[in-house]
Amino acid sequence: MIRKFISGNYSVNQYIVYDETRKIAAIIDPATFDAEVIKFIEKLKLNVEYIILTHGHGDHILGIEQYKKKYDAKIIAHASEKKLLSDSDLNFTMKMSGKAVIVTPDLWLKDNETIKIGDINLKVLHTPGHTKGGICLLNDDYVITGDTLFYEAIGRYDLYGGNFETLMHSIKSKLMILHDDLMVYPGHGKETSIGYERKNNPFLNGDQL
């Protein structure tokens with residue numbers, strides 16, 4: 001199961017992926033320490049095992065310290081995100097919140113690893129281009145794309161670790177090979193599907209090149 005919460009001043013899509021039967025959950029992109037997220041977790045009596053970062057920009061990590069303290073969950077991110085997570089100037093947390101946030105994950109991910117959340121499997125797709133260590137999380141029914149792919153748009157590529165050609169290669173080689181009906185849950189904005197973006201995303205159809 002997956003549940004979306006729109007959190008923080010930057011309207012980040014913060015997700016809870018959870019196995020309702022086994023009561024195991026992961027928080028994905030902890031944008032803020034959100035009371036609605038806490039309420040949902042407590043209502044379903046979920047045990048939060050992981051805090052997963054699709055990438056290390058400040059708008060996606062500002063709630064991480066409080067969640068870590070409350071749930072003692074393991075923080076996990078891609079190994080290529082180490083520099084961004086360890087530098088509050090590069091990750092913009094000081095600029096965004098007035099507080100430096102430095103993150104030291106408990107586990108470093110690699111491409112094609114699988115994260116198990118109860119009986120739910122999330123396959124890690126390393127999709128650099130927005131940042132060096134950006135990832136998407138693939139399930140049989142959906143893919144969580146962070147700031148790699150949006151509804152009719154793509155992520156920024158003008159910040160530290162960003163590169164347009166790299167981002168487009170990630171999208172085409174990792175996401176556009178997936179089936180059309182697969183739901184896309186992005187880091188900002190509304191849900192879409194692989195098929196819709198294949199046909200309508202201007203960056204994939206040459207209109208924004």
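Where a number appears in this text, it was derived from the coordinates with a stated rule and is not lab data. Just so we're clear, the structure is a prediction, and the values are computed from it rather than from any experiment. We place every Cβ from the backbone using ideal geometry, glycine too, and count neighbours over all the protein chains shown.
So here's what we get for this one:
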read-out: Eligible lysines near K95 by straight Cα distance, threshold 27 Å, same-chain separation 8 or greater; value: K4, K68, K69, K70, K74, K82, K83, K132, K190
read-out: Length added when fully stretched, K39-K199, from 0.36 nm per residue minus Cα-Cα; value: 53.8 nm
read-out: Residue-by-residue Karplus 3J(HN,Hα) for region 9-23, coefficients 6.51, -1.76, 1.60, Hz, glycine and proline x; value: 5, 9, 6, 7, 7, 9, 10, 10, 9, 8, 9, 5, 6, 8, 6
read-out: Computed FRET value (nearest 0.05) for K69 with D119, which takes r as the C-beta separation and R₀ as 25 Å; value: 0.35
read-out: Region 78-197: relative contact order as a whole-number percent, Cα under 8 Å and 6+ apart; value: 20 percent
read-out: Dipole of the chain, positive end: most advanced residue of L90, H169, I144 [Cβ charges, Cα centre]; value: L90
read-out: Translational diffusion of region 2-200, µm² s⁻¹ [Kirkwood Rh, Cα pairs; Stokes-Einstein; 25 °C; 0.890 mPa s]; value: 149 µm²/s
read-out: Residues with amide H under 5 Å from that of A31, placed H, sequence gap 5 or more; value: G63
read-out: Helix-derived mean residue ellipticity, 222 nm - over the chain, DSSP H n ≥ 4, -39500 (n - 2.57), to 500; value: -5000 deg cm²/dmol
read-out: Residue-by-residue Karplus 3J(HN,Hα) for region 51-64, coefficients 6.51, -1.76, 1.60, Hz, glycine and proline x; value: 10, 9, 10, 6, 6, x, 5, x, 5, 9, 10, 5, x, 5
read-out: All aspartates and glutamates inside 16 Å of K110 as judged from Cα atoms, apart from same-chain residues fewer than 8 positions distant; value: E81
read-out: Rh by Kirkwood over Cα pairs, then Stokes-Einstein D for region 1-54 at 0.890 mPa s and 25 °C, µm²/s; value: 222 µm²/s
read-out: Phi to ³J(HN,Hα) by Karplus 6.51 cos²θ - 1.76 cosθ + 1.60 over region 112-121, Hz, x for Gly, Pro; value: 6, 5, 10, 9, 9, 10, x, 8, 8, 10
